[in-house]
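A.B. asks: A single structure is presented below for examination.
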Amino acid sequence: MTHPLLSCFTAILFTSSVTTALAQDPGSRAEEQARQQEAKARNVTTYVAPWIEQRLLAVENAGGFGVARGLVVKFGDIKRGSGFAPGIGYGYTTSGGGALAVKGGYSIKNYKLLQASAQSPHFLADRILFRARARWQDAPRVPLYPLGSDPTDFRTDYAETKTEVSGEALLKPVRFLRFGGGLGVEWFTTGFSHDENPVGSTLFDTLPGSGADPRYIHSRVSGAFDLRDSEGYTRRGTLLSATYHNYHGDSNGAYSFDRIDGAAEQYLPILHGNWVIFLGLWASTTMTEDGGQVPFFLMPDLGGHDLRGFSDYRFRDRHSLNWTAEYRWYAQEFIDVAFFYDAGKTVSTRGALDFNGLHSSIGGGVRLHTSISTLLRVELAHSREGLRFLIGFSPVGP
Amino acid sequence: MTMSTRQRVRSLVALTGPLVAALVVLAYPTHASGPDARKGPMFYDDDPLMRAADTQDASKAQPRPISLMLDATINLFGRPGLKDVVRAENVNTIDEVPDSNWYTNRAGTRPITADEMYQGPSDDGGPAAGKWTVSRKSNGVSPGFTITDERNKRYFVKFDPPGQPELGTGAEAVVTRLFHALGYHVPQATVGILRRDNLVIGGDATVRMPNGGHRKMRMSDLDDQLRRAERNPDGSYRVVFAEGLAGKSLEGFKYEGTRPDDPNDVVPHENRRELRGLRVFSAWVNHTDAKAINSLDTLITENGRATVRHHLIDFNAALGSAGIGLRERRDGYEYLAETTPTFKALPALGFYVRPWLNIHYPTYRGIGRFESKRFIPEEWRPRVPNPAYVRSRADDTFWAARKLMAISDDLIRAAVKAGHYTDPRAEDFLVGALIERREKIGRAWLTSVNPIVDPALSEEGVLTFRNIAVDLQFAPAPQGYLVTWFRFDNTTGESTAMGESNIGETRAPAPPTALARVRADTTLPGGRGQFVRVDISATGVAGGKFASWSSPVRVFFRRTQDGWKLVGLERMPDAPAMRPGLVGAEAR
């Protein structure tokens, strides 16, 4: 029998020689590199994109986030003042380029939305587009103040439910001109349920259209001369637009009315957009037949998004006028900072629609944007009624 | 029969001992393993390797789509890739990039004529006359489509943006030629004319619909593309025809990591010298869009083996063009999202005015926003941080700058001529701007590290070398050079000091014949296969800017039957690991 130590020594010699042979110097640089490649060849794998990359690739291949495809998370688009409103949607794009979408949303203030919509393909090289939608929106606590040009700050709330089935056609013959026309049926239900607040109840009951729950055929036409870079975000350009609405109501036409909204906006870039001066002027006016009334919830209103130092729907009446001057500067490709001054009023007669006695507010904020859209506005605004913190997801204006 | 305890132990050892001993030997690190152990001699007989071969079959490589959004987001807000920045891994032992499927040494390695430069990557002059069959359209923001001519040759057609004639097509043609001369694999790009009535839709041509499906392509699809392009007064379109690349498309390569399905791709891309050095070339031509989707890997068969060739594509967003219009003023000066200027600008009420907002650009047709007066090479940056660029060290940028210096004024003019600018003033301006930017790059990056080049050791022991920064008059000559001699053991890697020579500046007044010469003040090893190491540093350098010149360049020579052969060069031999910086590698 061999001595065990001799066996161990033999094993060491054998193993050592094998490992030495395996780890032998390559002999040349080319061989060294070939060995590295050979080693990798034994472990070649196919690249599998992580989930997030697969989803983003699907979005990019579909043409971007604007194209409806599959299940998506949505935010906002309920009635103004809803607060943070997450929702869920599902989109389907047809092989012809049309799109169908459904979505539902629910806000922290208990606002609710259900909507189904359809959009045609873009015809004539993006010049013509058709859209239609069926929409139900429930807003249980919409701020309500007295009407007038200088109402008291008494506030109550009312509930408003709107159901709508509508369609519209959009025409853009050239880049800077666009026209639109739409027709729809709209049902409104309003109510006041704050029994503990008799003053509020009285206010609500005295407002035109309260409890009338009118149903309308709403037709509208619009035209715009638009030299802005894009509707969602711009640093230069001019916008002149007007929209004419006809609300033809039931109830013997008691609540039928016409409304015209006009806008003039000018963006003045200084030093290639390092600074931007923005001036905006908006006006709305309503018209009725003799004895007709405009329901309070369809009257022009100011506050919140346009007269930012005041709360949403702070001023409401038959006619409105407001303007904004904004000093904006470039902080970064996707970030602007701005100071602004807003002024406006609502009045009961068109003759009073002038620049006297405007309510004003000042403020500043930061905007996050892309080259074509405003993603987020965070602003602080001050008026005689105090300081307000605002978050918006669209450009300034009505 | 019973065994004693002693016998039992002895039997157990006899049975298991060899196994345990073998395991111990296997587990113990040998000289060839472990992270710090050298795996063999420092230099092999075939060093310096001038071609890095792809030895393995890559036929299993598959197309790998890259998400533009994810790639941009990750690079804007993160630093993908290796944390430590070390010497580029794919350089050979003399600090050069071997030819490979990534790169081919051209300018600076062999003479290039103006005719060659004008011709570009291939002798293809665009599609043949006759009908052109459209097979595929672009899905990107820039209009474009693929055509096949009657010779069955494939081209990708690109246009100028509306209102900007010659802008994108000129940039594509010029930069393609420059990048080809600099060594990259690029598709040929030829400026030409396209007429709508010359196009026919291919029988199997389809367009991808937003819902992911496909339908047959119509003429109106092409009209949609043409509507987004600049049109000549006669209704034709000035275009650039990018020649179809050979092989199967595998989509782009990322600037970090490796392709997992390519066995020959073993060097992390962020550690490839030619990708780090691309920062310099991109700065030169303002190619701010060198991102993953503007590259293309193709599976080719060469010598019977399938390998992956790596190309740079899409240069219509270079020079003063952004492809879809004029370049943004920010491009080249600030990333899309950069914190320092943002935090300065946020509270400044707009009175923090970026210097690039005041730059005046010429109005010559086709030039766009390109200039040279305000160009600062070290501060130039692409739109989105590039993983290879942010790891570029001084030796990487030096390598690239030296290559760039080989692109003479005449070669630049030849490349610009291929852009077919109709306004001669535009051509002159572009040539002048490229020359001035090249000179600025030389001044910046040929001086930022010890610029010793072309070391040679004669049989008689006379060492010669050049200081390229001094030769090209980018820097004043140092007072002298310190040359330290070592005997070098190639097996152990040990160096033994032999002597030291101090030489005064011996440079002749007129470049490029200037050479520093020094005779070894020691006896050099005599036998074949012997090595010497020579450390060369500058002494008395002028000012702090050239302080790095006092760090030696380390060169190695091996004695062969033909005399001393240069086998090694390290420009930053003792540099510690760095970290990815804002625009290039930074000290930890």
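The values are calculated or read from the model by the stated rules, or taken from the named source; none is laboratory data. No experiment lies behind these values; they were computed from the predicted model shown. Note that each Cβ is placed from the backbone with ideal geometry, even for glycine, and that neighbours are counted across all protein chains shown. In case anyone asks, the SASA skips ligands and DNA or RNA and just uses the protein heavy atoms, side chains included. Shrake-Rupley method; radii C 1.70, N 1.55, O 1.52, S 1.80 Å.
A.B. asks: Assuming B:Phe370 fulfils every condition listed in (1) out of contact with any Leu (no Cβ under 8 Å at 6 or more places or on another chain); (2) surrounded by 18 or more Cβ atoms within 10 Å (Cβ to Cβ); (3) aromatic (Phe, Trp, Tyr) apart from one, which condition is it?
C.D. replies: (1)
Residue by residue, here is whether (1) out of contact with any Lys or Arg (no Cβ under 8 Å at 6 or more places or on another chain); (2) surrounded by fewer than 18 Cβ atoms within 10 Å (Cβ to Cβ); (3) not in a loop (DSSP other than H, G, I, E, B) holds:
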residue	(1), (2), (3)
A:Pro269	no, yes, yes
A:Val276	no, no, yes
A:Ala283	yes, no, yes
A:Glu289	yes, yes, no
A:Val294	no, no, no
A:Phe297	yes, no, yes
A:Leu307	no, no, no
A:Ala325	yes, yes, yes
A:Ala331	yes, no, yes
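A.B. asks: Mind listing just one residue for me: the one in the stretch A:129-185 that is within 22 Å of the chain's Cα centre (by Cα), modelled with pLDDT of 95 or more and among the β-branched types (Val, Ile, Thr) and, of those, most open to solvent (accessible area, probe 1.4 Å)?
C.D. replies: Only one residue fits best here, namely A:Val165.
A.B. asks: When the stretch B:527-562 is examined, which residues are found to be under 16 Å from B:Gly499 (Cα atoms) and either modelled with pLDDT under 90 or in contact with a helix residue (DSSP H, G or I) (Cβ under 7 Å, 6 or more places away or on another chain) (or both)?
C.D. replies: Scanning the stretch B:527-562 gives a single hit, B:Ser537.
A.B. asks: Next question. Does B:Pro127 satisfy being touching a His at 6+ places or on another chain (Cβ under 9 Å) and either open to solvent by less than 70 Å² (accessible area, probe 1.4 Å) or in a loop (DSSP other than H, G, I, E, B) (or both)?
C.D. replies: The answer is no for B:Pro127.
A.B. asks: Next up: When the residues of the stretch A:89-128 are narrowed to those that are within 15 Å of the chain's Cα centre (by Cα) and of a type outside the set (Gly, Ala, Ser), which ends up farthest from B:His214 (Cα to Cα)?
C.D. replies: A:Leu113
A.B. asks: Further, regarding this structure: Please verify whether B:Arg365 is open to solvent by 10 Å² or more (accessible area, probe 1.4 Å), away from chain A (no Cβ under 14 Å) and part of a loop (DSSP other than H, G, I, E, B), treating the condition exactly as stated.
C.D. replies: Yes.
A.B. asks: Which residues, counting only those in the stretch A:324-380, are β-branched (Val, Ile, Thr), in contact with a strand residue (DSSP E or B) (Cβ under 9 Å, 6 or more places away or on another chain) and within 12 Å of another protein chain (Cβ to nearest Cβ)?
C.D. replies: Matches in the stretch A:324-380: A:Ile335, A:Val337, A:Val366.
A.B. asks: Could you figure out which of (1) buried (at least 16 other Cβ atoms within 10 Å of the Cβ); (2) over 16 Å from A:Glu326 (Cα atoms); (3) of a type outside the set (S, T, N, Q); (4) out of contact with any helix residue (DSSP H, G or I) (no Cβ under 9 Å at 6 or more places or on another chain) isn't true of A:Lys345?
C.D. replies: (4)
The rows are residues; the columns are (1) under 27 Å from B:Asp331 (Cβ atoms); (2) in contact with a Gly (Cβ under 9 Å, 6 or more places away or on another chain); (3) aromatic (Phe, Trp, Tyr).
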site	(1), (2), (3)
A:Trp323	no, yes, yes
A:Trp329	yes, yes, yes
A:Glu333	yes, no, no
A:Gly351	no, no, no
A:Leu368	yes, no, no
A:Val378	no, yes, no
A:Ala381	no, yes, no
A:Pro395	yes, yes, no
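A.B. asks: Say we look at the stretch A:22-50 and pick out the residues that are aliphatic (A, V, I, L, M) and open to solvent by 60 Å² or more (accessible area, probe 1.4 Å); which of these is modelled with the lowest pLDDT?
C.D. replies: Filtering the stretch A:22-50 for residues that are aliphatic (A, V, I, L, M) and open to solvent by 60 Å² or more (accessible area, probe 1.4 Å), the one modelled with the lowest pLDDT comes out as A:Leu22.
A.B. asks: Right, something else. Is there a residue in the stretch B:380-394 that is open to solvent by 60 Å² or more (accessible area, probe 1.4 Å) and either touching a residue at least 60 places away in the same chain (Cβ under 8 Å) or more than 24 Å from the chain's Cα centre (by Cα) (or both)?
C.D. replies: no
A.B. asks: For the stretch B:388-425, enumerate the residues that are touching a Phe, Trp or Tyr at 6+ places or on another chain (Cβ under 7 Å), of a type in the set (D, E, K, R) and either under 18 Å from B:Leu446 (Cβ atoms) or not in a helix (DSSP H, G or I) (or both).
C.D. replies: Across the stretch B:388-425, the qualifying residue is only B:Asp423.
A.B. asks: What number of residues within the stretch B:260-294 satisfy the criterion of being under 19 Å from B:Ala72 (Cα atoms), more than 14 Å from chain A (Cβ to nearest Cβ), modelled with pLDDT of 95 or more and over 12 Å from the mean Cα position of the chain (by Cα)?
C.D. replies: The number of residues fulfilling the criteria is 2.
A.B. asks: Take A:Ser311 and tell me if it is under 20 Å from the mean Cα position of the chain (by Cα), within 23 Å of A:Val337 (Cα to Cα) and surrounded by fewer than 16 Cβ atoms within 10 Å (Cβ to Cβ).
C.D. replies: no
A.B. asks: Do you know which of the residues in the stretch B:202-222 that are in contact with a helix residue (DSSP H, G or I) (Cβ under 8 Å, 6 or more places away or on another chain) and touching a residue at least 12 places away in the same chain (Cβ under 8 Å) is nearest to the other protein chains (Cβ to nearest Cβ)?
C.D. replies: B:Arg208
A.B. asks: Collect the residues in the stretch B:470-504 that are over 13 Å from B:Asp521 (Cβ atoms), β-branched (Val, Ile, Thr) and open to solvent by less than 20 Å² (accessible area, probe 1.4 Å), keeping them in residue-number order.
C.D. replies: B:Val470
A.B. asks: Being open to solvent by 20 Å² or more (accessible area, probe 1.4 Å) and not in a loop (DSSP other than H, G, I, E, B) is the filter here, so list the residues in the stretch B:43-89 that pass it.
C.D. replies: If the condition is that a residue be open to solvent by 20 Å² or more (accessible area, probe 1.4 Å) and not in a loop (DSSP other than H, G, I, E, B), then B:Arg51, B:Leu68, B:Met69, B:Leu70, B:Asp71, B:Ala72, B:Thr73, B:Ile74, B:Leu76, B:Phe77 are the ones that fit.
A.B. asks: For the stretch B:555-588, name all the residues that are in a loop (DSSP other than H, G, I, E, B), in contact with a Gly (Cβ under 9 Å, 6 or more places away or on another chain) and without any contact (Cβ under 8 Å) to a residue 60 or more places away in the chain. Talk me through it step by step, then tell me what you get.
C.D. replies: Looking only at the stretch B:555-588, we keep the residues that are in a loop (DSSP other than H, G, I, E, B), and these are B:561-562, B:571-577, B:580-585, B:587-588.
From the residues that got through so far, the ones that are in contact with a Gly (Cβ under 9 Å, 6 or more places away or on another chain) too are B:580, B:587.
Residue satisfying the conditions is B:Ala587 alone.
A.B. asks: Collect the residues in the stretch B:98-110 that are surrounded by fewer than 18 Cβ atoms within 10 Å (Cβ to Cβ) and at pLDDT below 95, keeping them in residue-number order.
C.D. replies: Across the stretch B:98-110, the qualifying residues are B:Thr109, B:Arg110.
A.B. asks: A follow-up question, please. Against the conditions (1) touching a residue at least 12 places away in the same chain (Cβ under 8 Å); (2) in a helix (DSSP H, G or I); (3) out of contact with any Phe, Trp or Tyr (no Cβ under 6 Å at 6 or more places or on another chain), where does B:Thr340 fall short? Just the number, please.
C.D. replies: That leaves (1) as the condition not met.
A.B. asks: Quick check on A:Phe339: is it touching a Phe, Trp or Tyr at 6+ places or on another chain (Cβ under 7 Å) and either part of a strand (DSSP E or B) or of a type in the set (D, E, K, R) (or both)?
C.D. replies: For A:Phe339, the condition - touching a Phe, Trp or Tyr at 6+ places or on another chain (Cβ under 7 Å) and either part of a strand (DSSP E or B) or of a type in the set (D, E, K, R) (or both) - is met.
A.B. asks: What residue, among those in the stretch A:51-72 that are modelled with pLDDT of 80 or more, open to solvent by 60 Å² or more (accessible area, probe 1.4 Å) and farther than 10 Å from B:Ser67 by Cβ, is farthest from the other protein chains (Cβ to nearest Cβ)?
C.D. replies: Filtering first and then ranking leaves A:Leu71.
A.B. asks: Taking the stretch B:342-357, which residues are of a type outside the set (D, E, K, R), more than 7 Å from chain A (Cβ to nearest Cβ) and closer than 20 Å to A:Ala338 by Cα? Write out each step before concluding.
C.D. replies: Restricting attention to the stretch B:342-357, the residues satisfying the condition of being of a type outside the set (D, E, K, R) are B:342-343, B:345-353, B:355-357.
Narrowing further to those that are more than 7 Å from chain A (Cβ to nearest Cβ): B:343, B:347-348, B:351-352, B:355-356.
Passing the criteria: B:Phe343, B:Pro347, B:Ala348, B:Phe351, B:Tyr352.
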